[in-house]
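The values are calculated or read from the model by the stated rules, or taken from the named source; none is laboratory data. Quick caveat, the model's predicted, so the values are computed rather than measured. Here the Cβ positions follow ideal geometry from the backbone for every residue, glycine too, while neighbour counts run over all protein chains shown. Heavy atoms of the whole protein, side chains included, go into the accessibility calculation; ligands, DNA and RNA do not. Shrake-Rupley method; radii C 1.70, N 1.55, O 1.52, S 1.80 Å.
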Amino acid sequence: MLTMNDIIREGHPTLRKKAEPISLPPSTGDKETLKKMLDFLVHSQDPEMAEKHGLRPGVGLAAPQINISKQMMAIRSTDHNDEIVEYALFNPKIISHSAETTYLESGEGCLSVDREVNGIVPRYARIKIEGYNLEGKKITERLRGFLAIVFQHELDHLNGIMFYDRIEQDDPFKQPLPPGEIV
Ligand SMILES: O=C(O)C[C@@H](Cc1ccccc1)[C@H](O)SCc1ccccc1
Ligand code: NI
């Protein structure tokens, strides 16, 4: 099973690389890796397992974070109906998005960042995504709210982007402009 020892931390060059697309249908090895990534999230959200193995709770994980520079991400979180939602995706991408942006009031963290970085991380409020699931089937979903934020955080990892790259350095708590506002 994956533990925190498998997660590389900021400064590791793989976190700044653009990950390679997965050739489809996914190989057995790639499927195994993606399953392990989702299992890590399940374990990290189980208080007993997290305590026993020293896991930081996570709602998302991207393959570059376990030093695999391939376009794979796992997400396990709750949707707007408080239902558990799991995504294990190959070659995920955003195919359209709202002009409206949002952000987490509490800011963002990262399993690959062992420090607190405060500031507003602007994200699209609503996104339409596509990717390929563990069976290699193409899926298309519309995400909003926290799930949309998690997806964008993980997608950034596949493009070598860290959440704090998106914080306005001169004014970390500056409110993003509403859509259509011209400065
Ligand atoms: O490092 C990662 O990619 C996993 C992050 C994903 C994430 C962080 C902040 C906002 C959206 C996504 C971890 O899940 S950080 C821990 C965490 C756990 C629950 C809620 C927010 C952050
Ligand atoms: Ni992260």
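Here are the numbers:
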item: Any hit, region 112-120, residues being within 16 Å of ligand 2 (Cβ to nearest atom) and under 29 Å from Glu83 (Cβ atoms); result: yes
item: Residue, nearest to the chain's Cα centre (by Cα), within region 10-33, restricted to residues that are within 17 Å of Phe90 (Cβ to Cβ) and among the hydrophobic types (A, V, I, L, M, F, W, C); result: Ala19
item: Single condition Val85 does not satisfy, out of (1) β-branched (Val, Ile, Thr); (2) assigned to a strand (DSSP E or B); (3) away from ligand 1 (no atom under 15 Å from the Cβ); result: (3)
item: Sole residue being more than 21 Å from Arg115 (Cα to Cα) and free of Cβ contacts under 8 Å to residues at least 40 places away in the same chain, chosen from Ile75, Ile22, Ile84; result: Ile84
item: Cβ pairs under 9 Å, 6+ apart, first in region 141-153 and within 16 Å of Asp165 (Cα to Cα) and within 11 Å of ligand 1 (Cβ to nearest atom), second assigned to a helix (DSSP H, G or I) and modelled with pLDDT of 95 or more; result: His153/Phe163
item: Evaluation of Leu134 against (1) open to solvent by less than 30 Å² (accessible area, probe 1.4 Å); (2) more than 16 Å from ligand 2 (Cβ to nearest atom) (one fails), failing number; result: (1)
item: Residue list for region 137-173, restricted to those being over 18 Å from Thr102 (Cα atoms), touching a strand residue (DSSP E or B) at 6+ places or on another chain (Cβ under 9 Å) and open to solvent by 60 Å² or more (accessible area, probe 1.4 Å); result: Lys138, Thr140, Glu141
item: Unique residue being among the hydrophobic types (A, V, I, L, M, F, W, C), in a loop (DSSP other than H, G, I, E, B) and closer than 27 Å to Asn67 by Cα when the list is Val150, Val121; result: Val121
item: Given (1) open to solvent by 20 Å² or more (accessible area, probe 1.4 Å); (2) in a helix (DSSP H, G or I), number of the condition His80 does not satisfy; result: (2)
item: Selection within region 34-69 - within 14 Å of the chain's Cα centre (by Cα) and either away from ligand 2 (no atom under 16 Å from the Cβ) or not small (Gly, Ala, Ser) (or both); result: Leu34, Met37, Leu38, Phe40, Leu41, Pro57, Val59, Leu61, Pro64, Gln65, Ile66
item: Enumeration of residues in region 97-106 that are touching a residue at least 12 places away in the same chain (Cβ under 8 Å), hydroxyl-bearing (Ser, Thr, Tyr) and either open to solvent by 50 Å² or more (accessible area, probe 1.4 Å) or touching a Pro at 6+ places or on another chain (Cβ under 6 Å) (or both); result: Thr101, Tyr103
